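A short worksheet on the structure shown next.
The values are calculated or read from the model by the stated rules, or taken from the named source; none is laboratory data. Since the structure is predicted, the reported quantities are computational estimates derived from the model, not experimental observations. Don't worry about glycine lacking a Cβ; one is built from the backbone with ideal geometry, like all the others, and counts go over all protein chains shown.
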Amino acid sequence: MKKVLLLITLIILCTSLVWAAEPESKTISVPIIASSPETGVMLGGMAIYLKKEEQEKLKVDLGAMYTQEKQTNIFLVSNKDYNDKKIELVLSYQDWISKYYGIGNNTESVNEEDYDYEGFKVRGGFSKEILDNNYLGIITSYEDYNIGLDKNIVGIEGTAGVDLLGVGLSYSYDTRDRKMNTRDGQYFNYAVEAYNHDLTDYKFIKHEFDYRAFKEIYKHHVIGFQFMLELNCGEVPFQKLASLGDSRLMRGLLDGRYIDKNKFAAQIEYRYPIYKKFDGIVFASLGEVYNQDFDIDELKESYGMGVRYNLDQEEGINLRFDMAFGDDDTKVYVTLGEAF
C-alpha cells in the first residue's frame, strides 16, 4: 500500500510541471537526495503549486521520500482562499524509524531507543471571515498510529497504537503581506480540538496557540518572531504529546527529542539580502516541554544560520539551507519554504 501511495505522489510531483502551463498558475519542484545512518540513501522530491484568480487563491504543498531502508514519508497540504472563506486539507503518511528517550525535558541520550513508527493523518478545516482579517472556523481530523518499541513502556498511553478522531474550533487573525517569506504583518491562530472517548481510544483536549510578527526594518532586512504554546488536558496518548525539535521550530534538536504533556517555544530570525537571488538568515530558539509546572531555568536553546535561494520573488518561495546547533549536536536542513 505504501509503495502505491508513494508512486501516486511521485507522479503528481512530476505532472505538476504540466499544471504550470496554465497562465494563472505556477509550480516549483525540487528533487531531494540525502543520507543518514538511520535511513541510508533517501530519494524523493517536493513541490509547491500555486494558482491565483481574482477571488481565489490556491496553494498546494506536496512531498514524498523513500529510503534505502524502505521507509516512506508522504504529505499533501492544500490551502484555498476564496472571497471571505478559507479551506485547509492535510494528508500525510509516514513509515519511519524514530527515537525514544523517555518523557520529560531532561531525558538522557543514553536512554535512546529506536522504534518503528507508522502513521496516517487526515485533517480538514473551514473558516469564514467575521471581521476584517479575523476568521472563525471548524476543524476535524482522523489519525491512525502504530509503533513498534523493542521493549514495553509501562504507564504510557498509546504505545500499542491508537485511532484518533478529533473535532474542534479555530480562530485566526492575519495581516501578513504574504504567507511565504513574510516581510510585514502579524499572524495569530488558536485551535482547540477535543478527542471524545465514545469515538476513539482516548479522551483529551488539545489547545494550540501560534503567534508570529514580522517587521521590515530596512529594505529587504526583516525581523521575524514566533511564539508557540501547546496545552493538553486528559489522557494524552504517546503519539500526541507535545514535542521539541524539527525543521520548523527548535532547529538543531533531533526530531521529537523531548516530549511531554505541554510545550512552550519561541524563535527569532533576522533575514537579510546577500547577492541577487541569495539571502542570508540567523536564528535562535528557546523551548521547553513540561507536565504541569513551567520552569524558566529549564529552557532548551538552539541557534544557527542559513542561506536562501529565491525561486519565486513575487510569492516569496525560497530553497532553504539551514545549519543549526543544539544539545551539542549539529543538524542540516534542506527544504522548500521558511520555518515560519
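Some points to look at:
- Residue match in the range 288-303 (condition: among the hydroxyl-bearing types (Ser, Thr, Tyr), assigned to a strand (DSSP E or B) and farther than 21 Å from Ile223 by Cβ): yes
Each row is one residue, and each column tells you yes or no for (1) in contact with a helix residue (DSSP H, G or I) (Cβ under 7 Å, 6 or more places away or on another chain); (2) free of Cβ contacts under 8 Å to residues at least 24 places away in the same chain; (3) surrounded by fewer than 16 Cβ atoms within 10 Å (Cβ to Cβ); (4) farther than 20 Å from Lys51 by Cα.
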{"residue": "Leu76", "(1), (2), (3), (4)": "no, no, no, no"}
{"residue": "Ile97", "(1), (2), (3), (4)": "no, no, yes, yes"}
{"residue": "Glu108", "(1), (2), (3), (4)": "no, yes, yes, yes"}
{"residue": "Asn111", "(1), (2), (3), (4)": "no, yes, yes, yes"}
{"residue": "Asp114", "(1), (2), (3), (4)": "no, no, yes, yes"}
{"residue": "Asn133", "(1), (2), (3), (4)": "no, no, yes, yes"}
{"residue": "Ile138", "(1), (2), (3), (4)": "no, no, yes, yes"}
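- Taking the range 161-266 and the strands (runs of 3 or more DSSP E) fully enclosed by it, the elements with 2 or more residues that are closer than 24 Å to Glu301 by Cα are at 185-195, 204-218, 221-234, 242-244, 258-260.
- Unmet criterion (only one of (1) within 25 Å of Leu244 (Cβ to Cβ); (2) in contact with a strand residue (DSSP E or B) (Cβ under 7 Å, 6 or more places away or on another chain); (3) acidic (Asp, Glu)) for Glu129: (1)
- For the range 37-54, filtering for residues that are within 14 Å of Asn73 (Cβ to Cβ) and at pLDDT below 70 leaves 1.
- Restricting the search to strands (runs of 3 or more DSSP E) fully inside the range 45-156 and requiring at least 2 residues that are among the basic types (Lys, Arg) gives 56-67, 85-100, 113-131.
- In the range 20-34, the residue that is modelled with the highest pLDDT out of those that are farther than 21 Å from Asn310 by Cβ and part of a strand (DSSP E or B) is Ile33.
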